[in-house]
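The values are calculated or read from the model by the stated rules, or taken from the named source; none is laboratory data. Please read these numbers as outputs of a predicted model, since none were measured by experiment. Quick reminder, even Gly has a Cβ in these numbers, built from the backbone with ideal geometry, and neighbours come from all protein chains shown. We work out accessible area using only protein heavy atoms, side chains counted, and drop any ligands, DNA or RNA first. Shrake-Rupley method; radii C 1.70, N 1.55, O 1.52, S 1.80 Å.
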Protein chains: 2
Amino acid sequence: MLKEERFKVILDRLVNDQKVYLAGLSALLNVSEDTVRRDIKELADQGLLKSVRGGAVPHAPGPHHFRDRISHDKDQKQIIANKALSFLKDGQVVIFDGGTSAMLIAQALPKDLRITVVTNSFPIASLLEEHEFVEVLFAGGRLLKNSFVTIGSDTIQFLKKFRADICLLGICSIHKELGVTGPDYEESEVKRTMIQSSREIIALATAEKLETAEAFYICPTERLSVIITDQPGGQEAFKTYSELGIQMV
Amino acid sequence: MLKEERFKVILDRLVNDQKVYLAGLSALLNVSEDTVRRDIKELADQGLLKSVRGGAVPHAPGPHHFRDRISHDKDQKQIIANKALSFLKDGQVVIFDGGTSAMLIAQALPKDLRITVVTNSFPIASLLEEHEFVEVLFAGGRLLKNSFVTIGSDTIQFLKKFRADICLLGICSIHKELGVTGPDYEESEVKRTMIQSSREIIALATAEKLETAEAFYICPTERLSVIITDQPGGQEAFKTYSELGIQMV
DNA sequence: ACAAACATTGCAAAATATTGCATCAATATT
DNA sequence: AATATTGATGCAATATTTTGCAATGTTTGT
């Protein structure tokens, strides 16, 4: 088996699972762990992934460490992403927030859509490179290591200059009374500004984030136009938000 | 069997299997592995496939991840990069311009250097992720596809906010009378701003760029503090610039 | 602080590349 | 017709790269 084949396998698994282990690859590829380690090192040198103790993770992953990630999240989020896409139209200015959910949307974006994207996320900007008709405006600022988003007053100042049609808000906690909240102060600041600069807000939320709250306030629930979630099951939840004029998907 | 026939077989199998082995082709084509190797080399020179140890794989035309391009003409630039590093000290604020030379410097940056980096280049920001003690301030703006730098008035506005110690200026043309010039209008605008925001300018230039000029003016030659170049040969050039108080390396 | 897991380094064997050279066939030249 | 010339090919000797292993550090979790 060629070294390049191994590389391909490693990268493929990385895309699917967001992580690879030395032991697993060693067994799968029929080579020693040493070899896998060397392969990973080589790929890391090329910037195609990030080598970590015991394995590797994608080079620009989300903010959290990979060991506590669950891969089945991905499928659910993918469905959410596709729903969100249906709200985007040619000519719009869209703000993408920096989370992994927004990233999946960027990934699924049709190549012929002509929109202007404003974002503070490297991975998203990077994904949109191949989209010929998408203009990317990147918000500068202090770079948050490990998550590849910019934050801080410069970012906020940049975002204030826009009047976007839609803001795709990554996963936050949403609570009917307590509003939309997030776990990190500076990130929440940025999100708040994104919301202020947008006409419509589309929030992406896995079901377990509904009716929960975090430390930092972002905006009142009524400000949302659409909530896209994965479990339509909760009739009550559906009603609750519909009463506020929010469309549930 | 004609060489062209073999070529066709090789390319066909490559399309089908995404890989070919020397041994397999040698048996299939009834020629020695040496010949297959030579065939593959020839096809590789034409850019039709990528030669790898033990066989060949399709030439990846896909999304050129921005780090790929660093690898080739590396050596000469690498020497330049190392020279440049000796000018950087803990605590400084350094502006990195977006070229590949600046990228090599970023790559060679010692992990324990504590500096603040201001840049408009994704690749550079991305390279610095692993540098624990480097703070990265990223200049927002319109994203230039294919080169992954931001440009435009937002970028300039961002850069104006700084007073940096050093600006590492990628390769431009330098001419004693005509000053520093660049081939692209908007990029030159950005570079000019970087220079205005910096106390000292270190310019990186391969020897063939000295005493040449491009369309867009960036700054007078005297504004440079140091020129780092690869061929110390030219005694005259050395003198010419030394008279202006510029250090040549 | 300890053990276990993991990483790093040096090393030798195996696989693969490279180089120089001799052969051969096809074509060009005398 | 005889003889160079050229280019492709295979072979062998010599590098170079890859790989697994073992000995030795380093990190992590308890």
task: In debye, nearest 20, what is the charge dipole magnitude of the protein assembly as shown about its Cα centre with +1 on Lys and Arg Cβ and -1 on Asp and Glu Cβ, if you could check?
output: 260 debye
- prompt: How big is the convex hull of the Cα atoms of segment B:68-248, per residue, in Å³?
  reply: 104 Å³
message: Computing the accessible area with a 1.4 Å probe over protein heavy atoms, can you report the carbon and sulfur percentage for segment A:72-248?
response: 50 percent
task: Compute for chains B and A the buried accessible surface, both sides summed, probe 1.4 Å, and express it in Å² to the nearest 100.
output: 3000 Å²
- prompt: What does the helix-only formula give at 222 nm for chain A: each DSSP H stretch with n ≥ 4 adding -39500 (n - 2.57), the total divided by the residues, and the result rounded to the nearest 500 deg cm²/dmol?
  reply: -11000 deg cm²/dmol
query: Based on the Cα atoms of the protein assembly as shown, what semi-axes does the equivalent ellipsoid have, where each is the square root of 5 times one gyration tensor eigenvalue, given in whole Å with the largest first?
result: 41, 36, 20
message: If you take every DSSP beta bridge fully contained in segment A:83-231, what fraction is antiparallel? Give it as a percent rounded to 5.
response: 30 percent
- prompt: Can you list the residues, at least 5 places off or on another chain, whose amide H is less than 5 Å from the amide H of residue A:55, using H built in the peptide plane?
  reply: A:22
statement: Going through B:89/B:209; A:145/B:160; A:111/B:145; A:191/B:191 one by one, the pairs whose alpha carbons sit over 20 Å apart turn out to be B:89/B:209; A:145/B:160; A:191/B:191
Buried on assembly, segment B:90-129 (at least 20 Å² less accessible surface than by itself, 1.4 Å probe): B:122, B:125, B:126, B:129
Rounded to 10°, Cα long-axis angle of helix B:3-17 versus longest principal axis of chain B: 70 degrees
query: Taking the DSSP beta bridges in chain B as the whole, what percent of them are antiparallel, to the nearest 5?
result: 40 percent
- request: Using 0.36 nm per residue of separation minus the Cα-Cα distance, give me the extension gain between residue A:16 and residue A:240 in nm, one decimal.
  value: 77.1 nm
- prompt: Cα axis of helix B:33-45 to longest principal axis of chain B: angle in degrees, 0 to 90, nearest 10?
  reply: 40 degrees
field: Nitroxide proxy distance, nm - points 7 Å out along Cα→Cβ at residue B:7 and residue A:29
entry: 3.3 nm
query: Ignoring any ligand, DNA or RNA, what whole percent of the accessible area of segment B:3-58 comes from carbon and sulfur when the probe is 1.4 angstrom?
result: 48 percent
query: What residues have an amide H closer than 5 Å to that of residue B:136, excluding those fewer than 5 places away on the same chain, when H is modeled at 1.01 Å from N in the peptide plane?
result: A:143, B:117
query: Hey, in the GNM for chain B with a 10 angstrom Cα cutoff, which one of B:130, B:211, B:33 fluctuates hardest?
result: B:33
- line: Checking B:52, B:134, B:94 against a Gaussian network model of chain B (alpha-carbon springs below 10 Å), the top fluctuating residue turns out to be B:52
query: Which whole-number value in Å² is the accessible area per residue of chain B, probe 1.4 Å?
result: 48 Å²
Gyration tensor (Cα) of segment B:3-58, equivalent ellipsoid semi-axes in angstrom: 14, 12, 11
- prompt: Mind checking which of B:128, B:11, B:144 has the largest fluctuation in a GNM of chain B, springs on alpha carbons under 10 Å?
  reply: B:11
- prompt: Applying the Karplus parametrisation 6.51 cos²θ - 1.76 cosθ + 1.60 with θ = phi - 60° to the phi angles of segment B:117-134, what ³J(HN,Hα) value in whole Hz is obtained for each residue in order, glycine and proline being reported as x?
  reply: 10, 10, 8, 10, 10, 4, x, 5, 4, 5, 5, 7, 4, 7, 8, 3, 9, 9
- prompt: Can you list residues whose amide H is under 5 Å from residue A:219's amide H, if they're 5+ apart or on another chain and H is modeled 1.01 Å from N?
  reply: A:180
- prompt: What is the dipole size for segment B:3-58, taken about its Cα centre, with +1 at each Lys and Arg Cβ and -1 at each Asp and Glu Cβ, in debye to the nearest 20?
  reply: 160 debye
query: Once you put a point 7 Å from the Cα of residue A:177 and another 7 Å from the Cα of residue B:85, both along the Cβ direction, what distance in nm separates them?
result: 5.9 nm
statement: Here the percent of antiparallel bridges among DSSP beta bridges lying wholly in the protein assembly as shown, to the nearest 5, is 45 percent
message: Which residues belonging to segment B:1-40 lose at least 50 Å² of 1.4 Å-probe accessible area when the assembly is complete, relative to their chain isolated?
response: B:21
